[in-house]
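These notes concern the structure reproduced below.
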Amino acid sequence: MKVTQEKLPASRLGLEIEIPSESTSQAYEKTLQQLIRNANIPGFRKGKVPRQVVLQRYGSRSIKATAIDELIEDALRQVIEQEKIDALGNAELRSPIEDLVEQYEPGQPLTVSLAIDVAPTAKLENYKGLTTQAEEILYKPEKVDEVLESYRERSATRVPVEGRPAQAQDIAVIDFTGQLVGDEPKEIPGGSATDFELELSEGRFIPGFVEGIIGMSVGETKEIETTFPEDYSQAELSGQPAVFTVTLKDLKEKELPELDDDFAQDISEFETLAELRESLEKRFQDEANDKTKANKQEALLEALVANLEVELPETLIRREVDHMITQTAMRFSEQGMDIKQMFTPEVVNMMRQRSRPEAIARLRRTMALGEVAKQESITVDAAEVEAKVEEILKDLDGQSIDRDRLREVIEEDLIRDKIFEFLEANCTVELVPEGTLVKEESVEMEPTQDDATDTATPSSTEDAVDVGAKAEPALADEPASTEAAVEVVAEVVAEVVAEVDAPATPAEKTAKSPRSKSAKSAAESPESAESEAIAEVEVTEEAAAKPAARKRSTPKSKKDEG
């Protein structure tokens, strides 16, 4: 089959294919024979309708249009195999279908023009001798004291207060009602409560409220004047003066445990306070070192990507976006959220729009690292990968794990580590103090900031204690997703994504007929185009070929056309 290739922008390949005369004849005859076998025409038995009657009934033009659809589909599949094209999908017919129908003569060659997304070619010339900066995260010894003090606070006992007024850090039980001050005092919506427990610490309530309670005695009632902050969450209350009538009903103070070996034994598996301190010190030192290492790698990666030249095809970008959506859904699912209810078509569309820049950035980073590995022949030994697999499987004993997928992920991680080792040895990273560099705000995949997070370190000293309690403190414990959980979530997300998608998306390396509205119009087929979607569910060749192998509809007859 004669083929002329043309490089197009955005990593697309133009194909001009000359379909041989034998194929055009066979396709037309095959289409006609299918009509003869399946046509229901009054006065003739099914399968016994004369050829001429079928031609008169359906019209040569409609038959040709249907045959062309199959010709293009088969031709594209053959050319991809013949020319060894690394096709991704998104096939598009560039020849006007009306012109093809006019030119098509069974038994004569037919030339069609197509375009398809192909794997991008990256160009990275400068990756040695790069100079960049990264923030150095230093270990802060006071963090250990903050953690221990935080846990002392949480382990405190509450002792009733007698014979003195309220002091800072006391626990007060109060009744209160609030009114906005003005010409006509108005009750504050939600501004009242009974038996409300409040720690008398700064920042626990609106400014002036806690300070007004300090000094009160149990049984005393007092009016406290205050003003809502300008940035208060309820806009109608921001900046408004108010008066709260407060009755102090009960008062307790916190009695903290002694910071000794008994305390260490109560909150951890360590026998002495010294051992607990040593463990926490090592934990926070490792945490600081890991953050510094991550900052250095990120800085190198940014410098690397700045030198990368690549055009990303739409198919690849869309696939990465869908992968990101699926990963987000998996995190939500692991937290027990109903992702079918949460991931509405509108939310998915919003997430796609917001995540597109990040998807492009991720692809560029991956390709930049891949180019370094390719040019420097960086690989990992199978034995090294297998040893790591066995180590992780031992830690995850009893869990259902996809061993092949685990091996694949580990191999990627080990290669990535070796790439960064090479870059650090051949580039210069200047370490600067924490907070020196201004970083751009990253794109959030989640619908809201607080819905789900993927942190590698504790967000507070209290979180740090939780990790360390009754066990040796660790940097992070990322939940492992079982294969079954991944499949279930991926299926649900695929269903939601499919509800949003209108155009069909070809699967990787699978030729699909580039049917268009003009083609359907020329063929006048009653069949509506099938809608497909590609999410982070691996598509097999058999499944991907289903759209191409679907049963074709019979062209309408001239009578039907009228």
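The values are calculated or read from the model by the stated rules, or taken from the named source; none is laboratory data. All values derive from a computational prediction rather than experimental measurement. Using ideal geometry, Cβ is built from the backbone for each residue, glycine included, and neighbour counts are taken over all protein chains shown. Note: areas computed on protein heavy atoms with side chains; ligands, DNA, RNA excluded. Shrake-Rupley method; radii C 1.70, N 1.55, O 1.52, S 1.80 Å.
Once the range 278-289 is narrowed to residues that are surrounded by fewer than 16 Cβ atoms within 10 Å (Cβ to Cβ) and among the charged types (D, E, K, R), the residue that is nearest to the chain's Cα centre (by Cα) is Asp286.
Checking each residue in the range 385-418 for being in contact (Cβ under 8 Å) with a residue 24 or more places away in the chain, of a type in the set (D, E, K, R) and farther than 27 Å from Lys128 by Cα picks out Lys388, Asp402, Arg405.
For the range 238-276, the tally of residues that are crowded, with 18+ Cβ neighbours inside 10 Å and either within 41 Å of the chain's Cα centre (by Cα) or among the aliphatic types (A, V, I, L, M) (or both) stands at 10.
Within the range 421-441, the set of residues being open to solvent by 50 Å² or more (accessible area, probe 1.4 Å), modelled with pLDDT of 95 or more and of a type in the set (A, V, I, L, M, F, W, C) comprises Ala425, Leu431. The requirement of being surrounded by 13 or more Cβ atoms within 10 Å (Cβ to Cβ) and touching a helix residue (DSSP H, G or I) at 6+ places or on another chain (Cβ under 8 Å) is satisfied by Leu198.
Among the residues in the range 381-391, are any in a loop (DSSP other than H, G, I, E, B) and either open to solvent by 40 Å² or more (accessible area, probe 1.4 Å) or under 24 Å from Pro120 (Cα atoms) (or both)? Steps first, answer last, please.
Filtering the range 381-391 down to residues in a loop (DSSP other than H, G, I, E, B) leaves 381.
Remaining after also requiring either open to solvent by 40 Å² or more (accessible area, probe 1.4 Å) or under 24 Å from Pro120 (Cα atoms) (or both): 381.
Yes, that holds for at least one residue.
Looking across the range 290-322, the residues that are open to solvent by 40 Å² or more (accessible area, probe 1.4 Å), part of a helix (DSSP H, G or I) and either touching a residue at least 40 places away in the same chain (Cβ under 8 Å) or farther than 30 Å from Ala10 by Cβ (or both) come down to Asp290, Lys291, Lys293, Ala294, Lys296, Glu298, Glu302, Glu314, Arg318, Arg319. Condition check for Gly219 on (1) without any contact (Cβ under 8 Å) to a residue 24 or more places away in the chain; (2) open to solvent by 40 Å² or more (accessible area, probe 1.4 Å): one failure, at (1).
Which of the residues belonging to the range 165-193 are within 13 Å of Leu248 (Cβ to Cβ) and open to solvent by 60 Å² or more (accessible area, probe 1.4 Å)?
In the first step, residues of the range 165-193 are kept if they are within 13 Å of Leu248 (Cβ to Cβ); the result is 165-167, 170-176.
Residue satisfying the conditions is Gln167 alone.
Mind checking which residues of the range 290-302 are under 22 Å from the mean Cα position of the chain (by Cα), aliphatic (A, V, I, L, M) and farther than 26 Å from Pro141 by Cβ? If the condition is that a residue be under 22 Å from the mean Cα position of the chain (by Cα), aliphatic (A, V, I, L, M) and farther than 26 Å from Pro141 by Cβ, then Leu301 is the only one that fits.
Only one of the numbered conditions (1) open to solvent by less than 80 Å² (accessible area, probe 1.4 Å); (2) basic (Lys, Arg); (3) more than 22 Å from Leu124 (Cα to Cα) is violated by Lys418, and that is (3).
Residue under question is Glu376, and the condition is that it be open to solvent by 50 Å² or more (accessible area, probe 1.4 Å), among the acidic types (Asp, Glu) and under 25 Å from Gln297 (Cβ atoms); does it hold?
Numbers: open to solvent by 50 Å² or more (accessible area, probe 1.4 Å): yes; among the acidic types (Asp, Glu): yes; under 25 Å from Gln297 (Cβ atoms): yes.
The answer is yes for Glu376.
Being of a type in the set (D, E, K, R), farther than 25 Å from Arg154 by Cα and modelled with pLDDT of 90 or more holds for only one residue in Glu220, Glu253, Glu236, and it is Glu220.
I'd like to check something: does the range 2-11 contain any residue that is modelled with pLDDT of 85 or more and within 19 Å of Glu105 (Cβ to Cβ)?
Going residue by residue through the range 2-11, those that are modelled with pLDDT of 85 or more are 2-11.
The next check asks that each one be within 19 Å of Glu105 (Cβ to Cβ); those that pass are 2.
Within the range 2-11, one or more residues are modelled with pLDDT of 85 or more and within 19 Å of Glu105 (Cβ to Cβ).
Which fully enclosed helices (runs of 4 or more DSSP H) of the range 1-93 have 2 or more residues being touching a strand residue (DSSP E or B) at 6+ places or on another chain (Cβ under 7 Å) and open to solvent by less than 20 Å² (accessible area, probe 1.4 Å)?
Values: elements: 21-38, 51-58, 60-82.
Once the helices (runs of 4 or more DSSP H) in the range 1-93 are filtered for at least 2 residues that are touching a strand residue (DSSP E or B) at 6+ places or on another chain (Cβ under 7 Å) and open to solvent by less than 20 Å² (accessible area, probe 1.4 Å), what remains is 60-82.
Does Glu408 fit the bill of being at pLDDT below 95 and open to solvent by 30 Å² or more (accessible area, probe 1.4 Å)?
On the way: at pLDDT below 95: yes; open to solvent by 30 Å² or more (accessible area, probe 1.4 Å): yes.
Yes: the conditions hold for Glu408.
Open to solvent by less than 80 Å² (accessible area, probe 1.4 Å) and farther than 30 Å from Ala294 by Cα: does that describe Leu124?
On the way: open to solvent by less than 80 Å² (accessible area, probe 1.4 Å): yes; farther than 30 Å from Ala294 by Cα: no.
No; evaluated as a whole, the condition is false for this residue.
Tell me yes or no: at least one residue of the range 244-266 is within 27 Å of Lys140 (Cα to Cα), assigned to a helix (DSSP H, G or I) and touching a residue at least 60 places away in the same chain (Cβ under 8 Å). For the range 244-266, residues within 27 Å of Lys140 (Cα to Cα), assigned to a helix (DSSP H, G or I) and touching a residue at least 60 places away in the same chain (Cβ under 8 Å): present.
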